[in-house]
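In what follows, a single structure is set out as structure tokens and then discussed.
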Amino acid sequence: MSTGAVSQWLKRLREGGQDALRANPPPGPTPRLTPAQQAQLPALLAWGAEAYGFLGAVWTTKRVAAVIKQEFGVRYHPDHVGRLLRAMGWSVQKPVPRATQRDEAAITAWCAERWPEVKKKGGDGGADAGLGG
């Protein structure tokens, strides 16, 4: 500690008492959503992602940012939406990427019929293992 720092602390103590020595961190930027709007957000998200026109029921930070923009006219970066949701006790969901043309019946049949054969041979299940036979 420098003598200058100690001198400043003593001056604060003389002028404002012990309360003046307490840390006063800067408050940071003013939140864009009011406390009332933040309180509304869980109820809006409870409607589900599909109610806002999204495919699937998963809430992502990009989707929540879009809802915040639509409902309150406030733009947030998806990374900040994640912080906002965590502060509210929510956890972020990440969708599992799947092909839109995915054929569940063919996958089930392949797993039941071809996979045991591929596994026996020690193959990697690549293109030569084929879905259609």
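The values are calculated or read from the model by the stated rules, or taken from the named source; none is laboratory data. Every value quoted in this text rests on a predicted model; they were computed, and no experiment measured them. All Cβ positions, even for glycine, are placed from backbone atoms using ideal geometry, and neighbour counts span all protein chains on display. The protein model used for the area step is the full one, side chains on, heavy atoms only, and it has no ligands, DNA or RNA in it. Shrake-Rupley method; radii C 1.70, N 1.55, O 1.52, S 1.80 Å.
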Test: residue in region 61-72 that is surrounded by 12 or more Cβ atoms within 10 Å (Cβ to Cβ) and either in contact (Cβ under 8 Å) with a residue 60 or more places away in the chain or assigned to a loop (DSSP other than H, G, I, E, B) (or both): no
Filtered residues of region 32-60 (kept if among the aliphatic types (A, V, I, L, M), in a helix (DSSP H, G or I) and under 26 Å from Ala99 (Cβ atoms)): Ala49, Ala51
Pick from region 77-118, criterion among the aromatic types (Phe, Trp, Tyr) and open to solvent by 70 Å² or more (accessible area, probe 1.4 Å), ranking: nearest to the chain's Cα centre (by Cα): Trp90
Region 36-48: number of residues that are farther than 17 Å from His80 by Cβ and either open to solvent by 70 Å² or more (accessible area, probe 1.4 Å) or touching a Leu at 6+ places or on another chain (Cβ under 8 Å) (or both): 4
